[in-house]
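Q: What follows is a structure written as structure tokens; I'll ask about it next.
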Amino acid sequence: MSNLQTETALNIEPIKTKSDHRFLQFWRLFRRKKPAVISFYFVLFLFIMAIIGPFVTPFDAAKPDYNSVLETPSASHWFGTDEYGRDILSRIIAGARISLSVSVSAVTLGAIVGSILGLISGFFGKWVDKLIMRICDVLFAFPELILAIGIVAILGPGLNNVIIAVAFFSVPSFARIVRGATLEVKEMLFVEAEESLGASRLRIMFKHVFPETLPTIIVYYTMNVGTAILAAASLSFLGLGAEPSSPDWGAMLSVSRDYIGTAFHLVFFPGLVIFLTVLAFNLLGDGLREMLDPKMKD
Amino acid sequence: MWQYLVKRLVSLIPLLLVVSFIVFMFIHIIPGDPARLLAGKEATAEEVEMARVSLGLDKPLYEQYFIYLKDLLTGNMGYSVKSGAPVSQLIGDRIMPTLGLTFLSIIWALVVGILIGVVSAVFRNKWPDHLGMFTAVSGISLPNFWVGLVLIQLFSVQLGMFPTGGAEGWSSYIMPSFALGAGIMAMIARFTRSSLVESMKQDYIRMGRAKGLGSRQIIFGHALKNSLIPVVTVAGLQFGFLLGGSVVVETVFSFPGLGTLLIDSIQFRDYPVVQAEILLFACQFIVVNMIIDVVYSYLNPKIRYE
């Protein structure tokens with residue numbers, strides 16, 4: 001009995017230390033990439049703002065204050081106020097929730113559908129692969145933003161439809177990238193070994209091939225969130241996304257166009273925040289890419 | 001080479017057919033009666049019925065598609081609900097400013113992008129490289145509509161150098177083309193750098209060095225020539241980004257191009273125009289990608305024989 005216990009302990013321990021070791025190793029290497037680390041903390045900060053934002057805003061983001069209309073930045077209103085006297089900093093903080101939830105949901109939806117399609121395509125090959133890749137070719141024939149605009153034109157404006165539109169254009173790129181990664185993993189020895197042991201194809205695909213393609217998916221996912229934020233903001237700016245009165249960053253910029261020349265802070269700050277957020281996701285993606293996918297390294 | 005060109009052109013036909021079918025279905029997917037959508041919001045019941053018959057919407061779907069294709073081939077894209085003018089005429093009036101804008105954007109993006117890429121690769125891991133690559137990643141992250149608005153504030157409102165919008169004279173193209181090209185410039189810079197860094201590792205470069213060639217001759221005479229092949233492809237792939245971006249940038253500058261026409265038409269529910277424009281954007285993108293493919297195969301003969 002005691003012998004068995006020792007054996008079990010021996011069996012478990014090395015695996016545990018190994019995975020800890022891998023994570024620590026990853027973190028130690030990641031820490032050296034300064035721009036990626038700063039971006040990571042910035043993204044983390046944005047997510048915290050998206051969750052607790054509405055409780056910590058210095059002013060009510062939606063309540064008009066007609067005594068302080070179009071005020072320039074000051075000690076009480078760091079980013080100034082808008083045409084209704086609403087504090088711009090508070091609106092930007094409240095808008096983090098909209099921008100992040102729209103882009104993250106869109107990319108997650110696109111990544112799930114695209115990755116499954118890519119996995120099936122790469123793993124099963126033959127006509128399934130051909131069919132899926134031809135569908136992707138057709139989707140690729142439309143420039144991304146034009147496809148999104150077309151979808152919103154069909155479904156009507158609104159944030160839910162923006163999510164669908166942005167998800168739609170990320171599907172083919174995820175499918176292609178995951179397909180590529182699957183094709184490579186499929187050729188590895190351990191897949192052959194699993195097959196010879198009699199494992200079902202579905203099991204091999206999801207239990208063994210999928211985890212191997214995860215690093216590629218994570219890298220691509222991070223970078224795509226940045227693209228999605230830009231796309232969603234563009235759609236809102238064009239009047240096809242968020243309601244003009246909502247604190248969505250793109251919608252704020254759309255309204256601010258009328259105040260260019262008179263109240264530039266209305267234009268400057270929401271745009272700056274979009275820029276910094278997208279930059280952070282891109283730098284984080286770059287850092288992860290260098291770590292997780294050495295092949296894609298510049 | 002000719003064989004490859006013909007093969008590529010033929011392979012384009014099914015793609016164009018599928019794309020045209022999707023765009024044709026556009027009007028049928030939108031919730032509501034297609035005849036009413038095409039006749040306009042204010043049309044009477046009689047007018048809607050007339051539109052149904054005159055546009056052939058009472059015929060089976062496949063027949064409608066054939067009529068649509070036949071019309072397209074003869075240049076008939078239907079009539080605008082808003083103005084009643086032929087869609088082809090509306091597009092014809094707007095296409096030149098948009099083409100001029102995209103052309104100007106890609107030219108400056110290529111020149112500046114390649115320059116930054118070369119400087120970064122030559123000074124690899126030194127401060128010019130870090131600065132160049134930071135500029136590049138910033139360029140990719142910049143919302144083009146914000147760049148446009150900031151440019152208007154700086155150069156139109158404060159300095160009075162350029163007009164705030166419109167497309168009268170060359171000066172009205174400068175700011176929009178800058179806002180539109182910034183993202184692509186950044187991507188071209190990144191690709192030029194990585195591609196040039198890769199080329200510099202090749203044996204023929206070492207050979208050139210051994211022969212005593214100067215750095216300038218090695219970079220511009222040998223390495224850059226080969227590094228530009230992938231850059232051409234990237235520039236082509238990013239053309240779609242440019243087409244999408246033009247819609248946004250044109251809106252910022254109230255530029256009378258295809259982009260503003262598209263947004264106006266969506267807002268007015270002028271579906272025949274929306275439909276035609278989406279098809280046009282897709283076709284432009286497909287044709288540019290094909291041209292890039294052919295240029296790429298010309299530069300890299302390996303591709304042709306695969």
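The values are calculated or read from the model by the stated rules, or taken from the named source; none is laboratory data. Owing to the predicted nature of the structure, the values given are computational and were not obtained by experimental measurement. FYI the Cβ positions are ideal-geometry reconstructions off the backbone, even for glycines, and counts take in every protein chain you see. All accessible areas refer to the heavy atoms of the entire protein, side chains included, with ligands and DNA or RNA removed. Shrake-Rupley method; radii C 1.70, N 1.55, O 1.52, S 1.80 Å.
Q: Scan segment A:173-193 and give yes if some residue there is free of Cβ contacts under 8 Å to residues at least 24 places away in the same chain, within 29 Å of B:Pro31 (Cα to Cα), within 14 Å of chain B (Cβ to nearest Cβ) and out of contact with any helix residue (DSSP H, G or I) (no Cβ under 6 Å at 6 or more places or on another chain), otherwise no.
A: no
Q: Out of (1) closer than 27 Å to B:Gly75 by Cα; (2) surrounded by fewer than 22 Cβ atoms within 10 Å (Cβ to Cβ), what's the single condition that is false for B:Gly244?
A: (2)
Q: Turning to a different aspect of this structure: Report yes if B:Ser177 is over 19 Å from A:Asp258 (Cα atoms), in contact with a Pro (Cβ under 8 Å, 6 or more places away or on another chain) and away from chain A (no Cβ under 12 Å), otherwise no. Steps first, please.
A: Working: over 19 Å from A:Asp258 (Cα atoms): yes; in contact with a Pro (Cβ under 8 Å, 6 or more places away or on another chain): no; away from chain A (no Cβ under 12 Å): yes.
Taking the combined requirement at face value, the residue does not satisfy it.
Q: Among the numbered criteria (1) within 14 Å of chain B (Cβ to nearest Cβ); (2) within 28 Å of A:Leu284 (Cα to Cα); (3) modelled with pLDDT under 90, which single criterion is violated by A:Asp258?
A: The single condition A:Asp258 does not satisfy is (2).
Q: Also, I was wondering about something else. Among (1) over 22 Å from the mean Cα position of the chain (by Cα); (2) more than 30 Å from B:Gln89 (Cβ to Cβ); (3) more than 10 Å from chain A (Cβ to nearest Cβ), where does B:Val234 come up short?
A: The failed condition is (1).
Q: I'm told A:Ile151 meets every condition in (1) away from every other protein chain (no Cβ under 12 Å); (2) at pLDDT 90 or above except one. Can you identify the failing condition by its number?
A: Evaluating A:Ile151 over (1) away from every other protein chain (no Cβ under 12 Å); (2) at pLDDT 90 or above leaves (1) as the failure.
Q: Something else about it: Taking segment A:266-298 on its own, how many of its residues are under 19 Å from A:Val43 (Cα atoms) and either within 11 Å of chain B (Cβ to nearest Cβ) or open to solvent by less than 20 Å² (accessible area, probe 1.4 Å) (or both)?
A: Total meeting the criteria: 19.
Q: For the subset of segment B:171-205 comprising residues that are of a type in the set (Val, Ile, Thr) and open to solvent by less than 20 Å² (accessible area, probe 1.4 Å), which member is modelled with the lowest pLDDT? Lay out the reasoning, then the answer.
A: The first filter runs over segment B:171-205 and keeps only residues of a type in the set (Val, Ile, Thr), leaving B:174, B:184, B:188, B:192, B:197, B:205.
Narrowing further to those that are open to solvent by less than 20 Å² (accessible area, probe 1.4 Å): B:184, B:188, B:192, B:197, B:205.
Working: B:Ile184: 91, B:Ile188: 91, B:Thr192: 91, B:Val197: 87, B:Ile205: 82.
Selected residue: B:Ile205.
Q: I'd like the full set of residues that are in contact with a Gly (Cβ under 9 Å, 6 or more places away or on another chain), in contact (Cβ under 8 Å) with a residue 24 or more places away in the chain and over 20 Å from A:Met252 (Cα atoms), limited to segment A:37-72.
A: Within segment A:37-72, A:Val37, A:Ser39, A:Phe40 qualify.
Q: Looking at segment B:122-165, which of the residues that are hydroxyl-bearing (Ser, Thr, Tyr) and within 17 Å of B:Gly245 (Cα to Cα) is surrounded by the most Cβ atoms within 10 Å (Cβ to Cβ)? Outline the logic, then answer.
A: Step one: filter segment B:122-165 for residues hydroxyl-bearing (Ser, Thr, Tyr), giving B:135, B:138, B:141, B:156, B:164.
Retained after the next criterion (residues that are within 17 Å of B:Gly245 (Cα to Cα)): B:138, B:141.
Working: B:Ser138: 17, B:Ser141: 23.
Here the answer is B:Ser141.
Q: Oh, and also: In segment B:13-24, is there at least one residue being more than 14 Å from every other protein chain (Cβ to nearest Cβ), crowded, with 17+ Cβ neighbours inside 10 Å, outside any loop (DSSP other than H, G, I, E, B) and without any contact (Cβ under 8 Å) to a residue 40 or more places away in the chain? Before the answer, list the steps.
A: Pass one, segment B:13-24, residues more than 14 Å from every other protein chain (Cβ to nearest Cβ): none.
No, segment B:13-24 has no match at all.
Q: Please specify each residue of segment B:40-58 satisfying the condition of being assigned to a helix (DSSP H, G or I) and open to solvent by 30 Å² or more (accessible area, probe 1.4 Å). Explain how you work it out, then say what you get.
A: Within segment B:40-58, the first condition is being assigned to a helix (DSSP H, G or I), and the residues that meet it are B:45-54.
Of everything in segment B:40-58, those that are assigned to a helix (DSSP H, G or I) and open to solvent by 30 Å² or more (accessible area, probe 1.4 Å) turn out to be B:Ala45, B:Glu46, B:Glu47, B:Glu49, B:Met50, B:Arg52, B:Val53, B:Ser54.
Q: Only one of these is out of contact with any Ser or Thr (no Cβ under 6 Å at 6 or more places or on another chain), of a type in the set (A, V, I, L, M, F, W, C), buried (at least 24 other Cβ atoms within 10 Å of the Cβ) and within 11 Å of chain B (Cβ to nearest Cβ): A:Ala263, A:Ala231. Name it.
A: On the way: A:Ala263 fails: buried (at least 24 other Cβ atoms within 10 Å of the Cβ).
Step by step, each of A:Ala263, A:Ala231 is checked, and only A:Ala231 is out of contact with any Ser or Thr (no Cβ under 6 Å at 6 or more places or on another chain), of a type in the set (A, V, I, L, M, F, W, C), buried (at least 24 other Cβ atoms within 10 Å of the Cβ) and within 11 Å of chain B (Cβ to nearest Cβ).
Q: When residues of segment A:121-146 are filtered for being under 15 Å from B:Leu15 (Cβ atoms) and within 26 Å of the chain's Cα centre (by Cα), how many remain? First the steps, then the outcome.
A: Taking segment A:121-146 and keeping what is under 15 Å from B:Leu15 (Cβ atoms), we get A:130-131, A:133-143.
Restricting the remaining residues to those that are within 26 Å of the chain's Cα centre (by Cα) gives A:133-143.
Adding up the residues that qualify gives 11.
Q: Enumerate the pairs (first residue in segment B:93-118 and part of a helix (DSSP H, G or I); second residue anywhere and of a type in the set (Lys, Arg)) with beta-carbon separation below 6 Å, excluding pairs fewer than 6 apart on the same chain, so at least 6 apart or on different chains.
A: B:Gly117/B:Arg193
Q: Could you pull out the residue among B:Phe155, B:Phe162 that is under 26 Å from B:Met96 (Cα atoms), in contact with a Phe, Trp or Tyr (Cβ under 9 Å, 6 or more places away or on another chain) and part of a helix (DSSP H, G or I)? Show your work before the answer.
A: On the way: B:Phe162 fails: part of a helix (DSSP H, G or I).
The unique qualifying residue is B:Phe155.
Q: When you check B:Asp129 against the structure, is it in contact (Cβ under 8 Å) with a residue 24 or more places away in the chain, more than 17 Å from B:Trp108 (Cα to Cα) and more than 8 Å from chain A (Cβ to nearest Cβ), yes or no? Give the derivation first.
A: Numbers: in contact (Cβ under 8 Å) with a residue 24 or more places away in the chain: yes; more than 17 Å from B:Trp108 (Cα to Cα): yes; more than 8 Å from chain A (Cβ to nearest Cβ): yes.
When the stated conditions are applied, B:Asp129 passes them.
Q: Check segment B:69-92 and report whether any residue there is free of Cβ contacts under 8 Å to residues at least 60 places away in the same chain and either within 14 Å of another protein chain (Cβ to nearest Cβ) or within 20 Å of the chain's Cα centre (by Cα) (or both).
A: Within segment B:69-92 (the criterion being free of Cβ contacts under 8 Å to residues at least 60 places away in the same chain and either within 14 Å of another protein chain (Cβ to nearest Cβ) or within 20 Å of the chain's Cα centre (by Cα) (or both)), the answer is yes, since at least one residue qualifies.
Q: With the requirement that a residue be away from chain B (no Cβ under 14 Å), open to solvent by less than 30 Å² (accessible area, probe 1.4 Å) and among the hydroxyl-bearing types (Ser, Thr, Tyr), what does segment A:92-145 give you?
A: A:Ser115, A:Ser121
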